[in-house]
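For reference, the structure is listed below as structure tokens.
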Amino acid sequence: MSIGNSPEDERPFEDERVEDDREEARPSIGRVLQQARIAAGLTVDDISSATRVRMNIVHAIEADDFTACGGDVYARGHIRTLAKAVHLDPAPLLAQYGGTHGGHPAPTPAAPLFEAERIRPERRGPNWTAAMVAAIVAVIGFVGFTMFQGGDDSAGEANVAEGSTPGASASPTTKSKKPAEPKPEPSDSAIAAAPQDKVTVRVAAADGRSWIAAKDHNGRMIFDGVLKQGDSKTFQDSSKVHLVLGDAGAIDLFVNGKKIEDDFQPGSVERLTYTKGDPEAG
């Protein structure tokens with residue numbers, strides 16, 4: 001009679017080895033994010049500008065180092081943000097992170113919430129006495145102000161009756177300066193009449209919101225932000241304007257007074273450069 005393990009008893013260990021081999025063959029989270037970024041034609045600087053995640057954290061995550069994130073909650077948030085920026089589904093990456101870092105993070109925000117509930121004082125009824133006192137003070141103040149205004153009016157009428165010029169003895173008042181009005185965006189006709197010695201680019205979020213970055217010919221940032229649907233921005237430079245469109249399908253472009261008819265796809269990221277001679281064909 002054999003007292004060793006039967007072949008059936010050894011199968012679970014074989015299955016575990018096969019599953020471990022599959023886990024090792026799966027690319028890491030950082031490797032997946034890096035390959036997706038490169039495939040999208042984006043640099044780490046582009047991703048950092050689009051997501052507001054610092055460049056050193058992007059580099060660390062792509063190297064599978066999550067210590068710079070400051071904890072599991074922030075690491076998951078950065079993974080989700082970077083995955084969306086390169087058009088990946090973040091759910092598989094978050095599941096992979098949970099499998100290698102101890103599952104879902106503990107719900108730490110709940111403790112302060114329950115603590116606040118325990119120490120919250122009991123709700124009391126309205127303090128009618130204080131309300132009545134405040135109402136009486138307000139009425140007295142209004143009556144006094146009305147009487148004071150009436151005295152000023154009667155004094156002015158007396159001055160007029162005696163032949164003096166009303167307000168002649170009053171101290172001169174200085175005219176308040178009007179606040180500077182914001183400079184309006186150039187209209188389509190103004191863009192069409194743009195000077196020939198410059199390049200003028202107008203970006204309009206016609207079909208949705210999109211992140212926009214614009215640089216001048218020296219590589220200096222002119223604008224870095226999100227345009228909401230219906231908003232527009234106009235950029236002008238002496239020789240060249242560089243653009244990065246986070247969602248090119250939502251954008252209408254006008255270069256030197258002419259609309260660019262490129263068929264940009266929704267959600268696509270486009271890196272464009274325009275000069276004084278563009279577009280060559282309107």
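The values are calculated or read from the model by the stated rules, or taken from the named source; none is laboratory data. Keep in mind that what you see is a predicted model, and the values were worked out from it rather than measured. Because the Cβ atoms are built from the backbone with ideal geometry, glycine has one as well, and the counts that use them run over all protein chains shown.
Brief remarks on what is shown
- Taken as a whole, the condition of being surrounded by 11 or more Cβ atoms within 10 Å (Cβ to Cβ), over 24 Å from residue 38 (Cα atoms), of a type outside the set (Val, Ile, Thr) and modelled with pLDDT under 90 does not apply to residue 182.
- Here is the figure for the range 43-67: residues that are farther than 18 Å from residue 85 by Cβ, assigned to a helix (DSSP H, G or I) and not hydroxyl-bearing (Ser, Thr, Tyr) total 0.
- Of all residues in the range 236-243, none are buried (at least 18 other Cβ atoms within 10 Å of the Cβ), touching a Phe, Trp or Tyr at 6+ places or on another chain (Cβ under 9 Å), outside any strand (DSSP E or B) and in contact (Cβ under 8 Å) with a residue 24 or more places away in the chain.
- Against the numbered list (1) within 16 Å of residue 38 (Cα to Cα); (2) within 20 Å of the chain's Cα centre (by Cα), residue 74 comes up short only at (1).
- When 85, 40, 50, 63 are checked against the criterion of being small (Gly, Ala, Ser), surrounded by fewer than 14 Cβ atoms within 10 Å (Cβ to Cβ) and in contact (Cβ under 8 Å) with a residue 24 or more places away in the chain, a single residue qualifies: 63.
- Scope the range 244-282; condition assigned to a strand (DSSP E or B) and either more than 28 Å from the chain's Cα centre (by Cα) or buried (at least 16 other Cβ atoms within 10 Å of the Cβ) (or both); matching residues: 244, 245, 251, 253, 254, 255, 258, 260, 270, 272, 274, 275
- Residue within the range 224-234 that is without any contact (Cβ under 8 Å) to a residue 24 or more places away in the chain, outside any loop (DSSP other than H, G, I, E, B) and more than 22 Å from residue 38 (Cβ to Cβ) present: yes
- Members of the range 210-223 found to be surrounded by 15 or more Cβ atoms within 10 Å (Cβ to Cβ) and without any contact (Cβ under 8 Å) to a residue 60 or more places away in the chain, listed by number: 210, 212, 214, 215, 216, 222
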